[in-house]
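Note sheet for the following structure.
The values are calculated or read from the model by the stated rules, or taken from the named source; none is laboratory data. None of these values were measured; they are calculated from a predicted model. Positions of Cβ are backbone-derived with ideal geometry, glycine not excepted, and every protein chain shown enters the neighbour counts. Remember, those area values only see protein heavy atoms, side chains included, never the ligands or the DNA or RNA. Shrake-Rupley method; radii C 1.70, N 1.55, O 1.52, S 1.80 Å.
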Amino acid sequence: MSRYVLRRIGLALITLLLLSMLVFIGTQLLPGDVARRVLGPFATAEAVEALNARLGTDRPLVVQYVDWVGSALQGDLGQSITFSRPVTELLGRALVNSAKLATVAFVIVVPLALAGGVVAALRRGKLTDRIITVGGLSATVIPEFVSGIVLIIVFAIILDWFPSTATPPEGAGFLTQVHSLILPAIPLVLVLFGYIARITRAGVIEAIDADYTRTAILKGLPRGRVIRRDVLRNALLPTIAVIASQVGYLIGGLVVVEVLFSYQGIGRLIFDASQKKDFPLLAGGVLVIGVAFQVSMLLADLAYSWLNPRIRVGAKS
Amino acid sequence: MTVPTTSRVQRWHVIRRSPTFWVGAAITLVWVLSAIFGDLLTPYDPLGTPQDVLNRLQPPSAANWFGTDELGRDVLSRVIVGARQVLTVSLAATVIGTILGTALGLVVGYYGGLVDDIIGRILDAFLSIPLVITAMLALAALGPNTFGVILVIGLVFTPLIAKTVRAAVLAERQLDYVTAAQLLKESSFYILFVEIFPNVTNVIIVEFTVRLGYAIFTVLALSFLGFGLEPSIPDWGLAISQHYQYLTGNIWWPVLFPALAIASLVVGINLVADGIAQAFEN
Amino acid sequence: MSEAAPKPILEVENLGIDYKIGTEWKTAIRDVSFTIDRQETFGLVGESGCGKTTVAMAIMHYLPRNGRVSSGSIRLAGRDLVDLSPNELRDVRVNQISMVYQNPSTALNPSIRIGAQVADVFELMGVPKDERSQRVIDILAKVQIADPARVVGRYPHQLSGGMLQRVVIAMAIASEPTLLVLDEPTTGLDATVEAEVLDLVSNLRDDIGTSVLYISHSLAVIRRMCDRVGVLYAGRLMAEGAAEAVFTDPRHPYTVGLLRSLPSSEIGRDEATLDTIPGFLPPLGADIKGCVYADRCAIAEDICRDVEPDLKPLTGNRFSRCHFPDRAPDLPRAVAAEPPVRQTETEPLVEISNVSKTFIQDGHPVYALNGIDLTIHVGETVALVGESGSGKTTLAKVLLGIDAPDEGSVITLSGEELAAEVRDRGQEDVGAVQMVFQNPDSALNRRHSVRRIIGRAVRLLRGVGRKPSDERTRDLLAEVRMGMEYYNAKPRHLSGGLKQRVAIARAFAGSPALVVCDEPTSALDVSVQAAIINLLAELQAEENVAYLFISHDLNVVRYLADRVAVMYLGRLMEVGPAKRVFGGPHHPYTEALLSAAPDLQEGARIRLEGEIPSASEPPPGCMFQTRCPRKIGEICETIEPDLVETEAGYSIRCHIPVAELGRLQATRV
């Protein structure tokens, strides 16, 4: 068990290292000459050289990379060009906002999608199953800004039940905050619902068809108990990892939703940074997202291994 | 009891009896046709004329069924030809990703070992960032252009598709026909491309259709965010991002109709993909 | 049936079962009737696809989602099982009827401890909570699980297949059911484990006095376990009666054919060929007017093709679904009995000296092969036997050049050293050593045609162009007795036996000197197995090829092999002429293997205790000492015996002198 945990943490670290390289390549290498970008096409070659020397961008790439990673590890991701503030400070605030939105979305979608998947599996081939499967598939593939627009038209403009911007007034209470986050959360919920429900359904069906479920039924166990102990217990375990892996897609969706609902989250920040070519901010934002994703995958894997006797107890002894 | 092997005929039976596949195929066909022949069908020039400005943001009427946009262009005409951009870009990106991903997946799955481990890690690193953000990052660095969108999506799809193909190759490698080929001293190239490849084509077809749906999703999100597509070409995502500020003024038609077009296209394509996946996976 | 007979426990009457394939319902079981009396064991036997498991699942009221009982009735102790309410059904499953399944490794919930899963049964029976854990331990002890108190805390993945099957059996017998249904309970288990499970089932059955429905494809197992048997073919019951009568004096051509297909211990391959059953099982739901077996039956007449016979009573309380049951014993042979004539040579072909193979697994060495010395002569068949995990397949892979052996291992072919890996071998050596695989489905590329599969091998191994290779491919098809209609077929159009023939043709594409056959018939039905064995024997006589024949079926080995090598934990324990190894005195391990085979010897069984140790932690001293029933003491635990040649061509690895072994083994019976 502990060997597995160490191995898993080691893998996550290697992945993060590679991720930092990718981000470095994307934000430092691909855009080309930093000083030229800042100074514009009409600056003299000397001025460009001087600025590069001042920014340290004339040093060998490896040195720049090590420097960047080293500072990042100490919590310094540099200065934002457009906001002239430390990147970490900007990201910190945005991250809190995004976490709120993501939490509302997850709290709604996880129970809903699990229930939907289980019900669809138990009524396999029947009308309920088709409705959940096809409905879920359709909800999953419609982009968030499309469903978001329809929601705004219906619930913010026509019915006026929810605000059309997600940012609550300063110092708003918990309920007001949640209220303003529900509408933006729904596009995320729709996209995630179909995906999680589909995986859940597949897992439950596999467990229903499994030999051990046959054994349980032929023992004479009541149906409810077979479903709880044999079907759900074995089917829902792997979906933990699936749900965690959806964190990544969720963050991708956050960009669109936060732009649409003018919400100051990390997605919006990354969007602004990429539009204004604020590469230090962009690099920091992407790195933070990668770390968040890897951590959630790690936690999910550890939870899975702790709940799964095959890993927890190990092989034959 | 023996395991039945699915033949082409059986697959066709599964597809034929799926009503959702046919609904999806019909919707998709409509949009593909309007992408190809759209110019013959539009009542007005989708690109608009200078005089249109006098006629801006008109609600739906007998003259303009879907109303006009902020430049006075006919929304219906722009919706009809709007599928072209997204379909070509998505298709090109998916084709690139499928070709590269298949090649990579075959090689990694067959040779395994260290190469597999290294590529697996890089893949994980790639997958830590959502596709939309990767694309934004790359487009910010490279400057926005259509080709850039195709390339970025294609390259991000490469490891995703490679992962699926790799798993299929690993399963095939366990089978004795591969050992038999090794015992004939076949080259690795022959084993990989002539022996194994034909047995993983089903997986690739399914992966292609699923990825195509996801590419469309991403291209639309990028165009909504204003990335990478030519502003003059009619595009649904761009239309929405340009007009949703008018929603508060109760001007819904330049937004709603492109939104419905998007919804119908993505649902249509994904119903087709789902039908194909079910037929090939059973 | 006599009038005084007590009411049977299970009555299956005119049972019909359909499966929905696509949009059509197809008949899988038609008009099957049989009864099982109190404390009787009834066997259902038949080849794959005949409907055995379907009948069992109908009795358990657990047909697949696309299955339905279309006609007939199933009564348990007089009560109809087909139309029970869900609660009544549960009650029947809890108290009256239990089942043991084919694959024990998937039959238990992987995330619940063994103890809790067994305790369920007692809970359902209404045993008070505080008594349950003791009852669990008692029942596990009853199925001879050593240390049950420890096993209750285990998860299924921590136990071996044999142990898991004991747990499943424990759950099945806990309620002392009226009827116990066993569906291939030992298929996939090693022969030694199978023997133990079979013993256990017999003892328990006598102990709790339950009736048993035993389903198996193995005639030998059914014969050993059952009082009465029914022979299923294409969803029809073809013959029924006392096991002894059905097997010793069969009155249905199909039963006759099946029995003749089995290799017996008396006749070797140089005495007679095995008889076979020509043709194929009709497809599911085929519309057949007459007898379903008429197409394959050598004594069929016009009436057989027009009128389906009833299951008619014959003398001796048995039944046969045949128009001419009296002619069945004189069924003409499908193939001539004359065995192919072999050349006799004793020249060494392949010499394996000091071959070892160590794998590294999770940083630990696994000693898969250890100092193997073995010679294979031109044109002979050497059989490799041993439980799974003994290293048989590893030795084959090393010989074939798929896995490279450790430093110091030497393999020569006709006196020349063979490169360790196939990619370093010349074209001639590659063609000289080829292989036939266990599973023909996996051995053929499903996307390639027969012509391509064989033709490619011909081109590569003979270095010829397309035209001559096409010719040779046709010749090879003819040599494996396949018609030209299969020339362009894809594997999915071929039956298992035909696929195996294609695989054999491929192995013979380059005139091999040695063909490694890794369980080439174990995935096949007996009638197909016989044809493949005959084919291998014929090809050996024609081509003077040597076989290294890996098999767990000792009857097949006895029929086909000239010499036998017994492996255990990567070592050779005994090597010698087949007659000598089978005749004895044997190595204690060989003795155990032989006594595990269900039909070779009746009488006291040598039990092997415990499980085969891990090859990463081999025991000190003799490899076999942890399980050896004849262990003599400390020497076995400390010093590993050498493989000693005690007579010409016969070697044994044991501390006990051969004469002493002979004395010990003679006292059995």
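Overview of values
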quantity	calculated
FRET E, pair B:R17, A:R124, Förster distance 22 Å, beta-carbon r, rounded to 0.05	0.85
Residues C:A659 and C:K7, FRET efficiency given R0 of 56 Å [Cβ-Cβ distance, rounded to 0.05]	0.45
Chain A: angle of helix A:45-55 to the longest principal axis, Cα-based, in degrees nearest 10	50 degrees
In degrees, nearest ten, helix A:233-260 long axis to first principal axis of chain A (Cα)	40 degrees
Prolate/oblate/rounded call for chain C, Cα gyration tensor, a/c under 1.5 rounded	oblate
Shielding by other protein chains, B:165-178, mean Cβ within 10 Å	3
Low-density loop positions, trypsin sites (Lys or Arg not before Pro), the range C:54-87 - DSSP coil, at most 11 other Cβ in 10 Å	C:R65
Of C:K26/C:K490; A:K276/B:K163; C:K357/C:K499, those spanning more than 28 Å from alpha-carbon to alpha-carbon	A:K276/B:K163; C:K357/C:K499
Shielding by partners, peptide B:263-274 (average Cβ within 10 angstrom, other chains)	4
Net charge dipole size for chain A [Lys, Arg +1 and Asp, Glu -1 on Cβ; Debye, nearest 20]	1800 debye
Selection from C:G583, C:Y486, C:A648, by position along the positive dipole direction of the range C:342-669 (Cβ)	C:Y486
Trypsin sites (Lys or Arg not before Pro) within the range C:412-465, DSSP loop, no more than 16 other Cβ atoms inside 10 Å	C:R446
Filtered GluC sites (Glu not before Pro), the range B:146-246: DSSP coil and at most 11 other beta carbons within 10 Å	none
Burial order of peptide ranges C:155-162, A:269-276, C:375-382 (average beta-carbon count within 10 Å, highest first)	A:269-276, C:375-382, C:155-162
Local electrostatic count, A:V257, Cβ distance below 12 Å [Lys/Arg +1, Asp/Glu -1]	-1
Radius 13 Å from Cβ of A:L101, net charge of other residues (Lys, Arg +1; Asp, Glu -1)	0
Simple Cβ-charge dipole of the range C:269-414, Lys/Arg +1 and Asp/Glu -1, about Cα centre, in debye nearest 20	460 debye
Given charges at Cβ of Lys, Arg, Asp, Glu: the protein assembly as shown dipole, positive-most of C:G662, A:P169, B:T218	A:P169
Signed unit charges on C-beta, dipole axis of chain A, positive-most listed residue A:I14, A:T213, A:S245	A:T213
Accessible area buried, both sides summed, chains A and B with 1.4 Å probe, Å²	3900 Å²
Amide H contacts of C:A383 (H built 1.01 Å from N, under 5 Å, at least 5 apart or other chain)	C:F549, C:D562, C:R563, C:V564, C:A565
Cβ-Cβ FRET estimate between A:L61 and A:S2, R0 fixed at 41 Å, reported to 0.05	0.60
Projected area, mean over directions - the range C:105-174, Cα convex hull, nm²	4.1 nm²
For chain A: Kirkwood Rh in Å [reciprocal of mean 1/r, alpha carbons]	22.6 Å
Point-to-point label distance, C:D91-A:S305, nm (Cα→Cβ direction, 7 Å offset)	5.0 nm
From the C-alpha gyration tensor of the protein assembly as shown, square roots of 5λ in Å	63, 37, 32
Cβ charges +1 (Lys, Arg) and -1 (Asp, Glu), total dipole of the range C:342-669, debye	1520 debye
Proximal charge balance of B:L220 [Cβ under 11 Å; K/R count +1, D/E count -1]	-2
Crossing angle, helix B:146-173 versus chain B [Cα axis fit, 0-90 degrees, rounded to tens]	30 degrees
3J(HN,Hα) from dihedral phi, the range C:406-417, Karplus parametrisation 6.51/-1.76/1.60, rounded to Hz, x for glycine, proline	5, 3, x, 7, 10, 10, 10, 10, 6, x, 9, 5
Accessible solvent surface per residue of the protein assembly as shown, calculated while the other protein chains remain in place, 1.4 angstrom probe, Å²	42 Å²
